[in-house]
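The values are calculated or read from the model by the stated rules, or taken from the named source; none is laboratory data. Since this is a predicted model, take the numbers as computed values, not measurements. In this analysis, Cβ positions are derived from the backbone assuming ideal geometry, glycine residues included, and neighbour counts consider all displayed protein chains. Surface accessibility is based on the protein's heavy atoms, side chains included, excluding ligands, DNA and RNA. Shrake-Rupley method; radii C 1.70, N 1.55, O 1.52, S 1.80 Å.
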Amino acid sequence: MSAAPGRTLSRQEFADLVRDEIGIDVTEAELDLPLDALTGWDSVHLLSLLVLLEKETGRPLSLPDFLDAGSLAAVHEAVAR
């Protein structure tokens, strides 16, 4: 799945991206869970997600915003800004 540059992903598209590209089986509803509550999650996934989302959105994203995110929903919000 590839978003048009500059387009914001919906929550469902974001959940699909995490599942399909990062390999973490997450539903849209589970985006609000703390990162440490996600089965198989580790910090390397966060960096992989940053790089993937920069490619998907066609713009640079803030690493500090990602590091401060406590959930995938917070990551999604940081991307939407």
(request) Could you please give the count of residues in the stretch 42-81 that are open to solvent by 40 Å² or more (accessible area, probe 1.4 Å) and of a type in the set (S, T, N, Q)? (result) 3
(request) Kindly check whether there is at least one residue in the stretch 15-36 that is free of Cβ contacts under 8 Å to residues at least 12 places away in the same chain and either buried (at least 17 other Cβ atoms within 10 Å of the Cβ) or among the hydroxyl-bearing types (Ser, Thr, Tyr) (or both). (result) no
(request) Note down all Cβ pairs under 6 Å where the first residue falls in the stretch 53-71 and is over 20 Å from residue 32 (Cα atoms) and touching a residue at least 24 places away in the same chain (Cβ under 8 Å), the second is of a type in the set (Ser, Thr, Tyr) and exposed (fewer than 12 other Cβ atoms within 10 Å of the Cβ), and they're at least six residues apart or on different chains. (result) none
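Listed here are the residues, each with its yes/no results for (1) among the aliphatic types (A, V, I, L, M); (2) at pLDDT below 95.
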| site | (1), (2) |
| --- | --- |
| 1 | yes, yes |
| 10 | no, yes |
| 20 | no, no |
| 28 | no, no |
| 31 | yes, no |
| 40 | no, yes |
| 62 | no, yes |
| 72 | yes, no |
(request) Restricting attention to the stretch 24-81, report how many residues are part of a loop (DSSP other than H, G, I, E, B) and hydroxyl-bearing (Ser, Thr, Tyr). (result) 3
